[in-house]
Amino acid sequence: MKLKKTYKYALWSAFYLTILSTVFSVLIYFLLYKHLGIVTFIAFGIIIFIISFFVIQIRAEHFIYQRIKKLYEDISFLDVNDLKRKKITTDVEAITKTVQEYVEGKSEEIADLTQRDSFRRDFLGNVAHELKTPLFTVQGYVLTLIEGAAEDTEIRTKYLERANKGVERLTSIVKDLDMIAKLETEGMKMNIETFNILEMIQNVFDLFEMKAKKRGIKLQLDKAYEFPFFVKGDIERIEQVIINLIVNSIKYGKVGGVTTVSVENYNSKKFIIKVNDNGEGIKQEHLSRLFERFYRVDQSRSREQGGSGLGLSIVKHIIEAHGETILLKSKYGEGSEFSFTLEKAV
C-alpha cells in the first residue's frame, strides 16, 4: 500500500528510534539481565516502534496544526473556525495546493480588476470628452449672444440653431447612457412579442432612405422573400438594434456603396439577421473593443459623423438581454458584417 510521505517520515523515525532503543536494551541485557529471553526483546522492540510512531505522528501534526492555524489567522480569506484538527496531517501537500490555488485565483482576479480599472478610466475620459465638446459649443454660442450678437437677427437665428444642435447631441448621449443603465439593471423585463422581422427591416429602410441617398448608399434585402419571417423579441428594442446597425452602415459605408440585410436559418430554433456593407471595414486590432462604450476606431471621423458613440454598446446590451448572440466579421478595405440571432416564433 502506498503511504503518504509524512507517514513514511514517521515510520522511518520510529524505526530508527526502535533500533536505538533495542540496541540499548541489548546492552542492558548482556550487562544486567541475561536471564530474559530473546522473545521478550523482540516484543519490546515492537512496542517501542508502535509507541514511537504515534508519538512522532501526533507531535508532527500538532506542530503543523499550530502553524496552519496561524496561517488561517493571517490570511483573510481563510476562516480559522473552518479548521478542524482531524483535517490536519503531516502531509503539507494539501495546504500547499490550497495556497497555490488561492494565489492563482487572486492573480486572475487582479488581472481582471486591472482590466476593469483600465476600461473604467477610458470610459470616464470618453464620457467627459463627449459631454465637454457639445457643452462648450453651446456655451460659446450663448455667451456670444449675451455679449451683443443677439441684436443681429440673422446671427441670433444661426447661433441658436447651432446651440440647439449641441443640446440635441447632449440629449442623445444622456438618453443612450440611460438606456444602457436600464438594460444593465437586473429585473428589467423585455416585452416579448411575435413580429415579422422582414417588415421591421423594410420600415427602417424607409425611415433612413433619404439619409442613405445623401451618401449614395443603397439599402436593400439580399433577395425577394416570398414569406414573412416571424420572430420573438421586444419590438421596440430590436428595432433600435436594426436602426443602429443601419445608421452605422450609412455613416461608415463607402460613398455610392450598398448596405444589404439578410435573414437566414441559424439553427432549428433561431434566425440570424445579417447587416453587410462594402465600406472601409475595420482593422483586426479594433474588433475586440468595438462594442465598448464610446470606443471609436477613428476619433476625428466618428465625431464628424455625429452620434453618441454608444450605438454598438446599446446593440450588444439589447441582444444579450434577449439571451441572444451578436457577431462581427470585418476585413479592412472590404467591408463589415454585423449579425445577431433571434428566436423563431413557432
Could you work out how much longer the chain between A345 and Y16 gets when fully extended? Use 0.36 nm per residue separation minus the Cα distance between them, nm to one decimal. 110.5 nm
With a 10 Å Cβ neighbour count serving as the proxy for reagent exposure, in which order, fewest first, do V142, V255 appear? V255, V142
Environment charge at Q202 (Cβ cut-off 15 Å; Lys +1, Arg +1, Asp -1, Glu -1): -4
Taking 0.36 nm per residue of separation between A150 and L207 and subtracting their Cα-Cα distance, the length gained on full extension comes to 16.9 nm
Please work out how much length the chain gains when fully extended from S107 to I192, using 0.36 nm per residue of separation minus the C-alpha to C-alpha distance, in nm with one decimal. 26.5 nm
Within 10 Å of each residue's Cβ, count the other Cβ atoms and sort S268, S339, S288 from fewest upward. S268, S288, S339
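Rule-based calculations on the coordinates, nothing more; no lab input. The structure presented is a predicted model; accordingly, all values stated were derived computationally and were not measured. When we count neighbours, we look across all protein chains shown, and the Cβ atoms used for this are built from the backbone with ideal geometry, even at glycine.
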